[in-house]
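To start, the structure itself, in structure tokens.
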Amino acid sequence: MYDCVLTVERDKKGNYIYLSNYIPLNSTKNNRFDFDMSNDKDKDAALRLCPPFSTVMDKCGSMFSNGRFYVQDKDGNEKETPDYRKIRTLLRRPNLLQSGRQFNKEVEICLKTFGRCPVYLFRATRKSIPESMWIIPPSLLHQETTGKLWNQTDINEIIGRAYIEWGGEKIVLEDWEYVVISESTARIDASASEIKYRSITDSLSTPVNNWMAQMAARGNLIINGGPKGILCNDDKSDFGNYTLDKEEEEELNRTFKNKYGIAGKKLPILVTRKASLKWIPLSYNTQQLMLHEESKSCREDICNAIGLNSNIFVSNSTYDNYENAKKAAYQDLIIPDAENYTEALASAICPEGIYIKLDYTHIDCMQQDKQASANALDSAANALTKLIGDNVITPAEARTEIASYIDINPDNPKGDFKNTGNEQFGEE
């Protein structure tokens, strides 16, 4: 086993630790399982190195980017004044490198990963509409606190200085030059110099580390899994003790390496020096070790943490289950995030009285089920007809109730009622 030792380390207590090439105990750049998901830099690394984490976040971002922007007044009306047009132009093209959909996708990925998304606002004055918007990587934005909190009435009395750490410099920001869109809890500690944020993804260190560890284990079983089997004596005759000479043994080794080598290298086998041989496989079965189960478990833990229905990733899911999972994702996750985002963004960039809305009603899974609507209308009409016949309600009251099922004006019918048996819903 000495030739399997890569290095020898010594801990603080003087104990020697032997590191083998069969077990990846290191935490190298592309093969690590020591993620601390309460750390922004480790979250950023998990987006690059942990596929279950990155695919879930990317899915959220893709769904979020399907929203359509509307710039409205308080009554939901769109206008064609210069301010409205400039805001719409900004939302369609936030900066030189991104479209509105690309920008929104990155916003949602930041929100779900880090619990917040800082946005730099390039504007001429405090009150002007920004010329462009850029997402600031959360790990680069620092908000230094004044140590005060409870009795303050201005944000500058809480945040003493904010800056972007960029290229070895600190780019100081005024309070009107950035906005932090947040869904996490800001942690302001009198003893700490910076505001910290706590988000639900802080709890995902174990699932991410477990997934990385099982992938490292699977890779090592394939590449550095040790001997694949043993050739041993199978001769039960009187010649059973005949042994191979050195050249015969080496030739046998070369033959098996060339024939059974996989994964781009010739894996070692063990050979006895007996003439009559049999092959005893030494396999490390990843199915029996249930390493593959960690992929599903990790993805489900991440989905459960952020509130996403994991059925959206099930490849053999039925159409109805998949559509219901998508609808639930929009209703429970995407739309609430969109409302939070547009409220914060409008407050930061819009003049008084202008609001931003992200709409998802055009998405297929969000369309109202026509058959279900027709059945509900039919049931309501039959019930209301009976109530009118029993003199419980009037036709006018019935029309008011029907207006919640179909788009009609109870007080101003269109066209004339005809004597088709439904005249009870008309004017008496």
Check your understanding: At a probe size of 1.4 Å, how large is the accessible area of H362, to the nearest 10 Å²?
Key -> 50
Revision key, fill the gap. Hits in region 345-363: amide N under 20 Å from the 7 Å Cα→Cβ extension of D73, namely 346-347, 349-358
**Study point:** Accessible area expressed per residue, region 50-96, with surrounding protein chains retained (probe 1.4 Å, Å²)
**Key:** 51
Revision key, fill the gap. Judged on accessible area alone, 1.4 Å probe, highest first, W176, W166 line up as W166, W176
Check your understanding: How much length is gained if the chain between E144 and K170 is pulled fully straight, taking 0.36 nm per residue apart and subtracting their Cα-Cα distance, in nm to one decimal?
Key -> 8.1 nm
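With r defined as the distance between the Cβ atoms of V314 and E397 and R0 fixed at 45 Å, what FRET efficiency is calculated, to the nearest 0.05? Mind dumping the intermediate values first?
On the way: r = 47 Å, r/R0 = 1.05.
After rounding, the FRET efficiency stands at 0.45.
Stretch K41-N253 to full length: gain in nm at 0.36 nm per residue minus the Cα-Cα span? Please report the intermediate quantities before stating the final value.
Numbers: separation 212, 0.36 × 212 = 76.32 nm, distance 4.75 nm.
Fully extending the segment from K41 to N253 adds 71.6 nm.
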Point to revise | Packing-based ranking, highest mean first, of 373-379, 144-150 given that Cβ atoms within 10 Å are counted | key: 144-150, 373-379
Revision key, fill the gap. Full extension between R88 and S404 adds, at 0.36 nm per residue less the Cα distance, a length in nm of 110.5 nm
**Study point:** Accessible heavy-atom area order of E177, E352, highest first, probe of 1.4 Å
**Key:** E352, E177
Exercise for review: Treating cross-link reach as a plain straight distance, find the aspartates and glutamates whose alpha-carbon is under 16 Å from the alpha-carbon of K170, omitting any fewer than eight places away in the same chain.
Suggested key: E144, E194
Study note, to complete from the structure: In nm, the gap between the two label points placed 7 Å beyond Cα toward Cβ at D390 and E339 is 3.7
Practice item. Please give the residues of region 133-174, grouped as numeric ranges, whose backbone N is less than 13 Å from a label point set 7 Å along the Cα-to-Cβ vector of R126. Key: 154-157, 174
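The values are calculated or read from the model by the stated rules, or taken from the named source; none is laboratory data. Fair warning: this is a prediction, and the values are worked out from it, not measured in the lab. Cβ: placed from backbone, ideal geometry, glycine included. Neighbour counts: every protein chain shown. Areas reflect the complete protein model, heavy atoms only, side chains present, ligands, DNA and RNA absent. Shrake-Rupley method; radii C 1.70, N 1.55, O 1.52, S 1.80 Å.
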